[in-house]
Every structure is written in structure tokens, then in C-alpha cells.
Amino acid sequence: MPKEVPNKRYTPEFKQLVVETMREEGLSLSKTMRQFDINCLGIMNRWVRIYLEEGPEGLALERRRRKNTGHSAKQPKEVEEDLIAENQRLRAENAYLKNLQALVLEEERRQHRKRR
């Protein structure tokens, strides 16, 4: 069996033909995949969902980009200032804890030396 071609692209017309043939002839997903030599069930499911939700025009849209999470690239000035302040506070806290740890270790070494 030949290996699947990575990143194979299908034309919108081909996608529409596949979905409409499947619906008109009442074919199952697996029979449709065999008939059109498609090796990925996920692709077929996606095409059918898009066709049902958006119609044939939806199959023509390019969908290879990452989905937008709804967060804008730029933060409002106030949020940015809050994040900077929190970052500074956390850096100071981290430095304090490192110094405290060093003091505790030094005290433990002194106590250990006294016992000898």
C-alpha cells in the first residue's frame, strides 16, 4: 500500500464533490474514503461538518492557520503596567527567598561545625 502524501491539499471543488456524492448516494464515510482515495477520517469528518454548517462556500476557506484565542496581541496599558509591577514584586520575592535560604544553610553549617 503506498504511503500517504504528507500535507496533501485538496481543491474546494474536490471537497464539495466528495461530500455531495456521499450525501446523494447515501455512502458511508469509509466507502466514500475508499472511492475517492482519502486516507484520513478526520479530514472527511471536517469536510462534512463544514459543508453542513457553512455550505459549499465554507470548503473554499483556507483553515491552516492557528485559531485565534480571542486575546489581542497588545495588552491595554493598565494591564501591561500591572504585569510589570507584579513581575518586579515576584523578582524581589524570589531574591528574598534565595537570600533567606542561603542564610538558613549557613546557620545549619555553623551549627554542624559547633557539634564537632
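Set side by side, the residues Leu59, Leu27, Leu52, Leu41 differ, and just one is farther than 14 Å from Tyr10 by Cα and surrounded by 14 or more Cβ atoms within 10 Å (Cβ to Cβ), which is Leu27. Do the conditions hold for Glu57, that is, is it part of a helix (DSSP H, G or I) and at pLDDT 90 or above? No, not satisfied.
The values are calculated or read from the model by the stated rules, or taken from the named source; none is laboratory data. Everything numeric in this text was worked out from a predicted model, so none of it was measured. Cβ atoms come from the backbone with ideal geometry, glycine included; neighbour counts cover every protein chain shown.
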